[in-house]
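Comments concern the structure below.
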């Protein structure tokens, strides 16, 4: 039986065994550790399994990372992502089984309780028949009821453990997709979101990509230093995020560039949104409260393109980038929508205007 078959047919058992083994050894529940224990469990590499077992209860994270680097050095990113996706799938399968079992047992015990209540209220004339029925029922189900009650408790405990692991894995994914400086989504998350725009053709018409670039940011860094530049980027990010609806996707695409994906808006509405963002940044004071140094005025240039103006994610980003260049070229501190009249060779040339 191959690995995929084992994972599919025994997902709940695999996840449960991995969780128990890691907890017993005091191993941190992070994706790269799950990957090691998963591979050891299914026996895909006997040498890896032996080395992991040899650590016993004295495994340190450094020991685990060394084993991981040894066997997964050719594809570390894929290992983490693969482990994350596989474990989440296994946890979903296990939780479904556990919750179904819990519901079944609770219903069974409730039914027995109701039956006993009904029997207790019957007339005395049928006491002998009832007594015999109770005897048979008790003998047949007494042990099952006790076992069921214990199982329900175990199910509750195991479900809570699995939910906790799921939350930890989700938190790991959130951190991996977050820019540490601005707390927005990072470039990796942006690439994923950009790639998904054309998954649903029904949404393309009213979807837009907006790219925003801080004007003269190199000059800011040169004059005040990179720490000040970082604080300004974080402040600009906060202004952008606070002036968009909650469901809007906002990311730091790289350097001083931000990207926004908005759904459900016409081109006219997107243009109004861009102007609102531009004005909000321009009106924000960028001043050191301790030294009273004024770092402003800080402005941004904005380019946007509607998704139906492009055929794929790469073309959409390229056209929004061209619109941003045109905003820079025409004086900065303005927003521009892409049009077919704009020359595509601007895509490479606009960087000199930053």
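Laboratory data are not the source of any read-out in this text; all were calculated from the coordinates shown. For clarity, every value in this text was computed on a predicted model and none was experimentally measured. Every residue, glycine as well, gets a Cβ built from its backbone with ideal geometry; the counts of neighbours run over all protein chains shown.
So, R0 is 56 Å and r is the distance between the beta-carbons of residue 202 and residue 223; what FRET efficiency does that work out to, to 0.05?
It comes out at approximately 0.70.
How would you order 35-43, 188-196 from highest to lowest mean count of nearby Cβ atoms within 10 Å?
35-43, 188-196
Roughly how many nanometres apart are two label points built 7 Å out from the Cα toward the Cβ at residue 163 and residue 230?
3.8 nm
If each of residue 28 and residue 180 carries a label point 7 Å out from its Cα toward its Cβ, how far apart are those two points in nm?
So the label points at residue 28 and residue 180 sit 1.4 nm apart.
So, R0 is 22 Å and r is the distance between the beta-carbons of residue 312 and residue 241; what FRET efficiency does that work out to, to 0.05?
Given R0 = 22 Å and the Cβ-Cβ separation, E is 0.20.
When every alpha-carbon pair in the stretch 187-353 is counted, what percent end up more than 21 Å apart?
More than 21 Å apart: 45 percent of the Cα pairs in the stretch 187-353.
Going highest first, how would you order 247-253, 18-24 by mean Cβ packing within 10 Å?
The packing order, highest mean first, is 247-253, 18-24.
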